[in-house]
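The values are calculated or read from the model by the stated rules, or taken from the named source; none is laboratory data. Worth saying up front: this structure is predicted, and the values here are computed from it rather than measured. Backbone-built Cβ (ideal geometry, glycine too); neighbour counts: all protein chains shown.
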Amino acid sequence: MTSFKLKEGINIPLLGKPKKTIKSIDVESILKIHPNTIKGIKPKLSVKEGEHVKIGSMLFHDKVLGDVNFVSPGAGVVQSIKLGERRVIEEICIDISGKNQEFKESKTYSESEILNIDKLSLKKILKESGCWTYLRQRPFSKIANPEHNPKAIFISGYNTAPHALDYEFILNENNDGLQAGINALNQLTDGDVHISINGNKKNLIINNLNNVKVHNFTGPHPTGNIGIQIHHIDPINVGEVVWYIDLQDVIAIGKQLTSGKFSTEKYISISGEGIKKPTYAKVKRGITIQSALNNNLKDGKFRFISGDVLSGKKVQIESGLGYYHNQISVIPEGGEREFIGWLKPGKNKYTISNTYISRFFPKKEWSLNTLNNGDPRAIVPLGTWERVLPMDIHPNYLVRSIIAKDIEEMEDLGIYECDEEDFALCSFVCQSKFPVHEIIRDGLNYIEKEG
């Protein structure tokens, strides 16, 4: 077991922190999947409107990877399929109002039997069951290519984003299938399987697992980002590929293999200033934001975010929960900017520098909205990006190389280790209001296209 103590970063004390209680939320009648929000895939439909589906039935597959299936998280009728420009599949809506939630079942395995499944057979099982889609790869943060041989697989068991789930608490509620899932991951790589946890807590469940290397991390956000953890455990060099997966999805893989049924449920955090009673919740995959909020929304004008406030996606209340998201965040929409607000003492304004006197009278929680409080301007390298990025990377030079489209310099500066979520705090603290995280994604997209 290794330990890492990171100093760079900040924890944003946002209003609306969820209580560590589990609320079970029943879906009203609709589940939604949004294929166009999943990076790097070209979906091809396998169902039509009006068609009946079981839990685990294929809805669509990826034309890029071929036989990687995306399956239904509920049994019912395909109510509608929404297509956008150039016939991009934007939404698949499933009506699950019927009482019969029938599963598509497959062969079951014990924990020990999983260790004897050969790699090709296991890949086939995971691809057909829909569980392969939980595995993603770095670089590029897209679904793992089954043809690749990753040098290691990383499990994210610690998240430091604002109002993120406490995985130690969640594991006490749900850990059936975890060891089976880890055994399966071991069959997919010739390297090691790593799991990162909160070093400030004694997680006995994790520490008693077999076939996995445990790493303790402590420090402010973004210490809990999987990209930061990979950087410190086993950095990615040019030509190398690693895979990563969320802890709840490891459990889902284990349950699929041991029960022969697709795991439809997950735990999420519902939080933010716009929520009456912020809480953890047990929900179905594909639940709509509206169903998840379940009369728990305050009056006012709010932004709905699938994911956390730094790296999540702005959505409509009718949308489904993001495929890889474990949070719903609701914060106030920004109003009008305050006239010459920068001249005022700012006792009630949040700051990470000494700009306002609030720095010397900190609150436990702050009300923050979506307002940028300024327009984009020239980049001035004052070292603020470096203060919140615990990586051995020079973000200023990397951003400039991306803008210049200099692939060789991007590679030299370590872009293959990067993902936009790791640079979200850089955008948040930037005095130039520069969208650093968007530039990082542009650079990755450019390299992938040109490479």
Being under 12 Å from Pro390 (Cα atoms), touching a residue at least 60 places away in the same chain (Cβ under 8 Å) and not charged (D, E, K, R) narrows it down to one residue among Asn225, Asn237, Asn216; which is it?
Asn225
Glu28, sole failed condition from (1) of a type in the set (Asp, Glu); (2) in contact with an Asp or Glu (Cβ under 8 Å, 6 or more places away or on another chain); (3) modelled with pLDDT under 95
(2)
Residue that is modelled with pLDDT of 95 or more and within 13 Å of Pro35 (Cβ to Cβ), where the choices are Glu91, Glu111
Glu91
Name the single residue that is surrounded by the fewest Cβ atoms within 10 Å (Cβ to Cβ) among those in region 99-114 being in a helix (DSSP H, G or I) and of a type outside the set (S, T, N, Q).
Glu113
Among the candidates Pro362, Pro381, single out the residue that is in a loop (DSSP other than H, G, I, E, B) and either farther than 30 Å from Glu333 by Cβ or assigned by TED's automatic domain parsing to the domain that holds Gly239 (or both).
Pro381
Test of understanding: among Ile197, Ile226, Ile125, which residue is crowded, with 17+ Cβ neighbours inside 10 Å and more than 20 Å from the chain's Cα centre (by Cα)?
Ile125
Can you tell me which residue is nearest to Ile153 (Cα to Cα) among those in region 171-192 that are buried (at least 23 other Cβ atoms within 10 Å of the Cβ) and touching a strand residue (DSSP E or B) at 6+ places or on another chain (Cβ under 8 Å)?
Leu185
Taking Gly40 as the residue in question, decide whether it is over 15 Å from Tyr134 (Cα atoms) and either assigned to a loop (DSSP other than H, G, I, E, B) or modelled with pLDDT under 95 (or both).
no
Criterion (free of Cβ contacts under 8 Å to residues at least 12 places away in the same chain and farther than 30 Å from Asn198 by Cβ) met by exactly one of Glu28, Glu91, Glu85, Glu51
Glu85
Of all residues in region 266-306, which are of a type in the set (Lys, Arg) and either out of contact with any helix residue (DSSP H, G or I) (no Cβ under 6 Å at 6 or more places or on another chain) or free of Cβ contacts under 8 Å to residues at least 12 places away in the same chain (or both)?
Lys276, Lys277, Lys282, Lys284, Arg285, Lys298, Lys301, Arg303
Taking Asn116 and the conditions (1) more than 30 Å from Gly227 (Cα to Cα); (2) at pLDDT 95 or above; (3) touching an Asp or Glu at 6+ places or on another chain (Cβ under 9 Å), which numbered condition does it fall short on, given that it satisfies the others?
(3)
Which residue pairs have Cβ atoms under 7 Å apart, sit 6 or more places apart or on different chains, and have a first residue in region 110-135 that is on the phi < 0 side of the Ramachandran plot and a second that is surrounded by fewer than 15 Cβ atoms within 10 Å (Cβ to Cβ)?
Lys127/Asp67
Which one is surrounded by the fewest Cβ atoms within 10 Å (Cβ to Cβ) among residues in region 51-98 that are among the basic types (Lys, Arg) and outside any loop (DSSP other than H, G, I, E, B)?
Arg86
